[in-house]
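The values are calculated or read from the model by the stated rules, or taken from the named source; none is laboratory data. Because the structure is a prediction, the values reported are computed rather than measured. Quick reminder, even Gly has a Cβ in these numbers, built from the backbone with ideal geometry, and neighbours come from all protein chains shown.
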Amino acid sequence: MKMRVQVVIESAVGEPTDVHEIGCIHREELRPDTVGLTLDEVKTVLERMQQRIVERQAAEYLRTQSRCPHCGNKRYHKGAHAVTIRTLFGKLRLKSPRVYHCQCQPSPTRTFSPLVERLPERSTPELLYLETKWASLMSYGLTTKLLDAVLPIGKQVNAETVRHHLHAVAQRTEAELGDEQTVFIDGCPRDWAALLRPEGPLTVGLDGGYLHSCDKTSRKDGWLEVIAGKSITAEGAAKCFAFVHRYDTKPKRRVFEVLKSQGMQRNQHVTFLSDGGDTVRQLQLYLNPQAEHLLDWFHVTLRIPVMTQMAKGLEGKDVAIQSGVLKELERSKWYLWHGNVYEACLSIDNLELLLDNDDALTAKRRSLLKALRDFRVYITTNARLIPNYGERWRYGEAVATGFVESTVNQVVSKRFVKKQQMK
Ligand SMILES: [Zn+2]
């Protein structure tokens, strides 16, 4: 059996239709590997179809340009050259004539190329979109392999081109980002109250991580702090963002635009969960008047298992206080879960007394004591940001952002850490 694939172009009334043969598919018996089209056939057919379609579009456009739009006089040709247009379905070379400007209007140049003026960019937006999308998720090399596997343009794309395009697209989106501001939502509470009540809250998790600069000269310098975050709507739709602290000149605007794109209203309730660090605290201030800032339960409890392990490691004469220490650690965690910072601190004080009652402390006991004192400082510094987690939990409200930790990993570890292909 033989099947022919054709492009039939129906022009304006009265003109004959144009038929172009672009492929022929041969099939004999039906087998799993002969069902429908193969990838190679699809690529060939698409490429030829694209060539025909674009050639025709260009010809039609040039026809409309053959006369001066002001006086209707014919434009005279001054030779022609070829332009290359890269599309998802192939790299096309089109004949582009150069014509003289009509004398009826003043013009800065004597001649121009209508097609080049119409298509100033050599790559179509869809191609740039796919290249950028995939190159932001994996290496430039893999991106070219993926495009090559599925699209006719693939064999024409190389890693350097993709890199160049990604940077150009990034610069373009950066240029579209508005100015940095201290306060992003204006008006007064009375106006906000009059607005329609938005659906559920937005939950925004923020966290930081460090990475090496690739041109660092010593072990000490060349560290960059990356802030990564994720914003989740009540329906569960999530968006990630990240930037380099101190390098990015518009961090607030960047986060604000992410929240806005998720439909944040002026009277929307927004919950920011973070580790309480200075950088992220500064960032989330004034982004929304209805915002609440909480210490992420994940960060509160991150240190407790470490101290529990240290307590379990106590030996020799310290074994006597071990069970007491473990029990008190549990108690402090329980108080924190219920937002009772005062009792949690008393519990930590008890622990200190328990551990620091000997003239000759063992090394293990000293390091546990140090971890405990650091923990107390952390809790008291961030006391204002500690809610009643238990109650929030019961009402189905966010208490932790384990999800942000994975965002940080995604951005910091996976993309930049040594030996990764996307360094
Ligand atoms: Zn004219």
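Numbers below:
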item: Flag if LYS95 is over 37 Å from the mean Cα position of the chain (by Cα) and either at positive phi or not aromatic (Phe, Trp, Tyr) (or both); result: yes
item: Pick from region 5-21, criterion over 16 Å from GLN57 (Cβ atoms), of a type in the set (A, V, I, L, M) and modelled with pLDDT of 90 or more, ranking: nearest to the chain's Cα centre (by Cα); result: VAL5
item: Of all residues in region 1-48 being in a strand (DSSP E or B) and of a type in the set (D, E, K, R), the one that is nearest to THR87 (Cα to Cα); result: GLU21
item: Options GLY313, GLY390, GLY339, GLY324: the member that is out of contact with any Gly (no Cβ under 6 Å at 6 or more places or on another chain) and on the phi > 0 side of the Ramachandran plot; result: GLY339
item: Residue count, region 285-297 (criterion: surrounded by 17 or more Cβ atoms within 10 Å (Cβ to Cβ) and either within 18 Å of VAL183 (Cα to Cα) or free of Cβ contacts under 8 Å to residues at least 40 places away in the same chain (or both)); result: 6
item: Only listed residue being in contact (Cβ under 8 Å) with a residue 40 or more places away in the chain, of a type in the set (A, V, I, L, M), away from the ligand (no atom under 16 Å from the Cβ) and exposed (fewer than 11 other Cβ atoms within 10 Å of the Cβ), chosen from LEU62, LEU39; result: LEU39
item: Residue in region 271-284 that is in a helix (DSSP H, G or I), surrounded by 14 or more Cβ atoms within 10 Å (Cβ to Cβ) and in contact with a helix residue (DSSP H, G or I) (Cβ under 7 Å, 6 or more places away or on another chain) present; result: yes
item: For ARG67: the one exception among (1) out of contact with any Pro (no Cβ under 7 Å at 6 or more places or on another chain); (2) surrounded by 13 or more Cβ atoms within 10 Å (Cβ to Cβ); (3) under 23 Å from LEU147 (Cα atoms); result: (3)
item: Which numbered condition ILE227 misses (of (1) assigned to a helix (DSSP H, G or I); (2) within 13 Å of the chain's Cα centre (by Cα); (3) surrounded by 19 or more Cβ atoms within 10 Å (Cβ to Cβ)); result: (1)
